[in-house]
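Working notes, beginning with the structure itself.
The values are calculated or read from the model by the stated rules, or taken from the named source; none is laboratory data. This structure is a prediction, so every number in the text was calculated from the model and none was measured. We place every Cβ from the backbone using ideal geometry, glycine too, and count neighbours over all the protein chains shown. The protein model used for the area step is the full one, side chains on, heavy atoms only, and it has no ligands, DNA or RNA in it. Shrake-Rupley method; radii C 1.70, N 1.55, O 1.52, S 1.80 Å.
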Amino acid sequence: MTQLAAPSGLISLVLFVVAVGVLALLGGGFWINSRIKDREPPRPSAEEQPHLPPEGVTREIQENREPDEIPHTPKGGRALTPYELHNMHTRSSEKKDRPRWSKGSSGSFGGGGLGAH
């Protein structure tokens, strides 16, 4: 019965082998990472960084945008497929007032407001 409670040298040997394996994996990871970084192009110098345009800092323009209309199908004609439509662009709106939410509404579903009355 006393032999079951006695420490075994085999357990300490297994733990030592596992620790050496973990250290080998970590070392291999650092080695692979350094090889990958050596193949990357060098970082850009200060001269290669983007610069401000000659006219200075650009400012934000606030305007309302409207979508382009989808072309109407003539009577008796076939409907256009999505592949026949061009990328739908937007254009400036003639309206200068900005759309707002209803008074007392947060503008979102479930936003906790009282809603429009």
(request) Tabulate in residue order the Karplus-calculated ³J(HN,Hα) for segment 10-25, using 6.51 cos²θ - 1.76 cosθ + 1.60 with θ = phi - 60°, rounded to whole Hz; enter x for Gly and Pro. (result) 5, 5, 5, 5, 5, 5, 5, 5, 5, 4, 5, x, 5, 5, 5, 5
(request) Compare 95, 75 by solvent-accessible area with a 1.4 Å probe and give them largest first, with all protein chains kept in place. (result) 75, 95
(request) Between residue 66 and residue 24, with labels modelled 7 Å along Cα→Cβ, what's the label distance in nm to one decimal, could you check? (result) 7.2 nm
(request) Report the residues of segment 45-86 in range of a label on residue 92: point 7 Å along Cα→C-beta, backbone N strictly under 20 Å from it. (result) 58-69
(request) Could you tally the net charge around residue 91, taking each other residue with its Cβ under 15 Å from the Cβ of residue 91, Lys/Arg +1 and Asp/Glu -1? (result) -2
(request) Just order 37-48, 13-24 by mean Cβ neighbour count inside 10 Å, highest at the front, would you? (result) 13-24, 37-48
(message) On a full-extension model of 0.36 nm per residue, what is the gain between residue 52 and residue 14, subtracting their alpha-carbon distance, rounded to one decimal in nm?
(response) 7.5 nm
(request) Report, ordered by chain and residue number, the aspartates and glutamates lying within cross-link reach of residue 95, taken as a straight Cα distance under 19 Å and ignoring same-chain residues fewer than 8 apart. (result) 60, 63, 66, 68, 69
(request) Restrict the search to segment 17-92; then list the chymotrypsin sites (Phe, Trp or Tyr not before Pro) that DSSP places in a loop and that have at most 16 other Cβ atoms within 10 Å of their Cβ. (result) 83
